[in-house]
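Undergrad: Sharing a structure with you now.
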Amino acid sequence: MKSERTFDRSVEDVGNIQNMEHFNLTVPDQQLAALFYVTGLGFTRDPYMDFGTFNMWINAGEQQFHLPKNTAQKFRGTIGIMEPNLEDLQRRLTSIQRWMDGTEYAWRIDDDCIHVTCPWGNALRIHEADESSAMALGIAYGDMQVPVGTCEGIARFYNEVFDSPAHTIEDNGTKYAEVSMGYNQTFRFTETTEPIAAYDGHHVAIYVSNFSKPHRKLVEQGLITEESDQHQYRFQAIIDPESGKQLTEIEHEVRSLHHPMRRRNLVNRNASQTFGNYRHGRDIFVP
């Protein structure tokens, strides 16, 4: 018997970009970074990688923050994070306040989320996960400032170069391009008339299933900045494929699905008590 039910199947599509795996932001003080990301936000320092005093990898669900020691870098926008309990988060954020004097650290409650500024000025927006959330813990999105008039070209770039669903949205006078980063993450490029800080070299890492096609298109435009190894390359400039005009820049560390770091199990502490059962994908939590 033929079913009369209909669905918009396109909302389930996953593009070529499979995961936005980490943000890399250099920091001048590893101890202060640990206080903020581990003690304050409740994330976990990766016990297996870069465990010295010049870099640290911070696990947040299936994503990470990479924090090499250097002059502070600042993402030009907001990083969106999912956490399981905002009441617990408020207690942790209060507990680290005494060590944050003289820094840019701040936080405030705004409706259903908490806005947090790291000691070096990076803006985080933290949401509480519930049963309808696509992730229980992790980096859900990046929201980056771009000049007015660039959103359509940015959406074309990710559609045509990366075969990743991307479209422009206007919401209460704000226009942005939203790019799919796998099944549960997005990257937004929000237009602003405010001055945008100069790019300082921070980067994001993405995994792609079709590794060669984006590489070929980036080579054609002269955009590859590093041929890292067999499993990885980098680019920085985002252009309009129609005009060739540069629209914005942020380095992308592009990794294939054969990359040795792909699907490495990331340790996240207090899983059985704090985060409950992980509902999507493989188990990433270690009790």
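Undergrad: If Gly15 meets every condition in (1) at pLDDT below 95; (2) open to solvent by less than 30 Å² (accessible area, probe 1.4 Å); (3) more than 27 Å from Arg188 (Cβ to Cβ) apart from one, which number is that one?
TA: (3)
Undergrad: Okay, moving on. For region 54-90, give me each residue that is over 21 Å from Thr26 (Cα atoms), open to solvent by 10 Å² or more (accessible area, probe 1.4 Å) and assigned to a strand (DSSP E or B).
TA: Met82 - this is the single residue of region 54-90 that is over 21 Å from Thr26 (Cα atoms), open to solvent by 10 Å² or more (accessible area, probe 1.4 Å) and assigned to a strand (DSSP E or B).
Undergrad: Inside region 20-52, can you point out the residues that are farther than 19 Å from Tyr141 by Cα and open to solvent by less than 10 Å² (accessible area, probe 1.4 Å)?
TA: Residues satisfying the conditions are Val27, Ala33, Phe36, Gly40, Asp46.
Undergrad: Can you say whether Glu128 is open to solvent by 40 Å² or more (accessible area, probe 1.4 Å), under 19 Å from His202 (Cα atoms) and in contact with a Cys (Cβ under 9 Å, 6 or more places away or on another chain), as far as the supplied structure shows? Quick ask: steps written out before the conclusion?
TA: Values: open to solvent by 40 Å² or more (accessible area, probe 1.4 Å): yes; under 19 Å from His202 (Cα atoms): no; in contact with a Cys (Cβ under 9 Å, 6 or more places away or on another chain): yes.
Taking the combined requirement at face value, the residue does not satisfy it.
Undergrad: Another question, if that's okay. From the list Asn265, Asn277, pick out the single residue that is open to solvent by 20 Å² or more (accessible area, probe 1.4 Å), at pLDDT below 85, assigned to a loop (DSSP other than H, G, I, E, B) and polar (S, T, N, Q).
TA: Just one listed residue meets the conditions, Asn277.
The values are calculated or read from the model by the stated rules, or taken from the named source; none is laboratory data. Everything numeric in this text was worked out from a predicted model, so none of it was measured. All Cβ positions, even for glycine, are placed from backbone atoms using ideal geometry, and neighbour counts span all protein chains on display. Keep in mind that these areas ignore ligands, DNA and RNA; they rest on the heavy atoms of the full protein, side chains included. Shrake-Rupley method; radii C 1.70, N 1.55, O 1.52, S 1.80 Å.
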